[in-house]
Amino acid sequence: MSHQSQSPLSAGRSRALSGRVRVPGDKSISHRALMFGALATGRTRICGLLEGVDVLDTAKALQALGCPVTKVLGRGVGGLAEPAGDIDYGNSGTGLRLMMGLVAGHDMRVRFVGDPSLSRRPMGRILKPLMQMGLDVSERGRETLPLTIRGSADLLPIEYRTPVASAQIKSAVLLAGLHASGETTVIEAQATRDHTERMLRHFGAELAVSERNGGRTITIAGDAELAARDVVVPGDPSSTAFLVSAALIVPGSEIVIEGVLVNPTRTGFYVTLKEMGADIAFRNEREEGGEPVADVRVVHSRLKGVRVPPERAPSMIDEYPVLACVAAFAEGETRMEGLSELKVKESDRLAATAAGLAANGVPAKVEGDALIVDGCRASGSVRGGGTVATHLDHRIAMAFLTLGLGADRPVTVDDADTIATSFPEFRGLMERLGATFAAPEVVR
Ligand code: S3P
């Protein structure tokens, strides 16, 4: 994606939101479906794939590695080929980090580049375990893009305890473990999203999961063969979070989002909102493509501030910016703890969220790795009227446009283009529910 010019966008106070909508497929599952399909033998058909720029970058990367992706036609584990040029991963940390795990098991050299946001993000956390397995990194000691890595067809199996709660680290090591000679084990102190485990099993990998070694222990058998399978991608709960938040803060709203992923490793946001007093219900709970799914019904609610404990962070890591915006409308203080990982997302989300709130008249502060928001409901309203710096971060853009739908004065984000990385339909779906957006000079 090109970021030569910025596209500011404003959201003003909305009329009541209503209707039933579907959000696009989950980003995490979409990346994985493409990559695992590429490693499987045969044709994998993916239904409901998210066509956001991040996921399309994974499809492009696989094409560059010799895997045809109209429907994913897999090449077999170890069957990818050296690309002719650099692989540009744009804004996508998930795509890049998982892809490094996948490339690690191939005897080929790949140079990865990305946009300025991705080029600032730490890659040492992925390179460290992969180097223990046999990956070679040309720029020794370098931990940010651009990076050239050389994989190996003879990876060593390892036992690795992840230093931070990260599904990306876990997934990269498990993907490399598919190519190792023997069993590779990942131990995570806190459970993170488990889509890799679920989907690898779906594709026929041998995987054991247990609670031992003081955490969740996942062991994968090496020299694996994956067989092509159809994949159904449920609606993205992180995208759903913006619609849910809008309905909660705009008086009179009542909406239903159909077919949303409600895997318990992803539902911390919904647990927190219920504690805040939100009227949210999961209806028609069912299983689709090996993942729990439900229709989410939400009604505008009077909310109160709560403490969000640090151990909940992995299950709602991408939802803190919008939770902080919802907390602005709650009565009393919301204290979100254990957020150090937010500092290394597409932007420093801790700082960007606090700055965005301050620009819109919401008292907020960062204390160590905690974010504290002083809700305005007691005083009647959220002022709004500010311009928010998004720092190439789609979730900061969507969180503050959502804030604008309930604020007294319109809220402007300096660049809405990044929204296309994860949720290109954001504006269209919000408008279908009743929201309005405009270029900033038009909004009054
Ligand atoms: C993701 C894991 C999370 C999350 C990201 C998607 C994944 O990152 O923030 O948006 O698909 O594995 P970390 O694993 O680095 O916490």
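Examine the stretch 27-44 for a residue that is β-branched (Val, Ile, Thr), under 29 Å from His106 (Cα atoms) and more than 15 Å from the ligand (Cβ to nearest atom), and state whether such a residue exists.
Within the stretch 27-44, one or more residues are β-branched (Val, Ile, Thr), under 29 Å from His106 (Cα atoms) and more than 15 Å from the ligand (Cβ to nearest atom).
Within the stretch 290-299, is even one residue open to solvent by 30 Å² or more (accessible area, probe 1.4 Å) and out of contact with any Leu (no Cβ under 9 Å at 6 or more places or on another chain)?
Yes, the stretch 290-299 has at least one match.
Restricting to the stretch 248-257, count the residues that are touching a strand residue (DSSP E or B) at 6+ places or on another chain (Cβ under 8 Å) and open to solvent by less than 10 Å² (accessible area, probe 1.4 Å).
4
Can you tell me which residue within the stretch 312-340, out of those that are within 14 Å of the ligand (Cβ to nearest atom) and open to solvent by 30 Å² or more (accessible area, probe 1.4 Å), is farthest from Val271 (Cα to Cα)?
Ranking the candidates gives Ser340 first.
Of (1) surrounded by fewer than 21 Cβ atoms within 10 Å (Cβ to Cβ); (2) under 23 Å from Met199 (Cα atoms), Gly268 satisfies all except one. Which?
(1)
Which one of Val299, Val244 is of a type outside the set (Asp, Glu) and more than 30 Å from Asp115 (Cβ to Cβ)?
Exactly one residue qualifies, and that residue is Val299.
With respect to Arg120, determine if the residue is closer than 28 Å to Pro424 by Cβ, outside the structural domain of Ile396 (by TED's automatic domain parsing) and open to solvent by 40 Å² or more (accessible area, probe 1.4 Å).
yes
Taking Leu56, is it more than 16 Å from the ligand (Cβ to nearest atom) and under 23 Å from Arg111 (Cβ atoms)?
Spelling it out, it is not the case that Leu56 is more than 16 Å from the ligand (Cβ to nearest atom) and under 23 Å from Arg111 (Cβ atoms).
Conditions (1) open to solvent by less than 10 Å² (accessible area, probe 1.4 Å); (2) within 16 Å of the ligand (Cβ to nearest atom); (3) among the hydroxyl-bearing types (Ser, Thr, Tyr), marked per residue:
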position	(1), (2), (3)
Arg75	no, no, no
Ala84	no, no, no
Gly95	yes, yes, no
Leu98	yes, yes, no
Val103	yes, no, no
Val110	yes, no, no
Val113	no, no, no
Val137	yes, no, no
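Take the residues of the stretch 1-22 that are open to solvent by 20 Å² or more (accessible area, probe 1.4 Å) and aliphatic (A, V, I, L, M): which is modelled with the highest pLDDT?
Here the answer is Ala16.
Give the number of residues within the stretch 217-247 that are within 21 Å of the chain's Cα centre (by Cα) and either within 14 Å of the ligand (Cβ to nearest atom) or buried (at least 22 other Cβ atoms within 10 Å of the Cβ) (or both).
15
Filtering the stretch 144-168 down to residues that are of a type in the set (A, V, I, L, M, F, W, C) and part of a loop (DSSP other than H, G, I, E, B), which residue is least open to solvent (accessible area, probe 1.4 Å)?
Among those residues, the one meeting the criterion is Leu145.
Considering the stretch 187-199 alone, what residues qualify as being free of Cβ contacts under 8 Å to residues at least 40 places away in the same chain and either of a type in the set (Ser, Thr, Tyr) or within 12 Å of the ligand (Cβ to nearest atom) (or both)?
Result: Glu188, Glu197.
Just checking: which of the strands (runs of 3 or more DSSP E) contained wholly in the stretch 342-444 hold 2 or more residues that are open to solvent by 10 Å² or more (accessible area, probe 1.4 Å) and touching a helix residue (DSSP H, G or I) at 6+ places or on another chain (Cβ under 7 Å)?
Answer list for the stretch 342-444: 364-367.
Filter the stretch 279-314 down to the residues that are among the hydrophobic types (A, V, I, L, M, F, W, C) and under 23 Å from the mean Cα position of the chain (by Cα) and list them by number.
Ile280, Ala281, Phe282, Val293, Ala294, Val296, Val298, Val308, Ala313
The values are calculated or read from the model by the stated rules, or taken from the named source; none is laboratory data. This one's a predicted model, so the numbers in the text were calculated from it and none came from an experiment. With ideal geometry, Cβ positions are generated from the backbone for all residues, glycine too; neighbour counts draw on all protein chains shown. When the accessible area is computed, the model is the full protein with side chains, heavy atoms only, and any ligands, DNA or RNA have been set aside. Shrake-Rupley method; radii C 1.70, N 1.55, O 1.52, S 1.80 Å.
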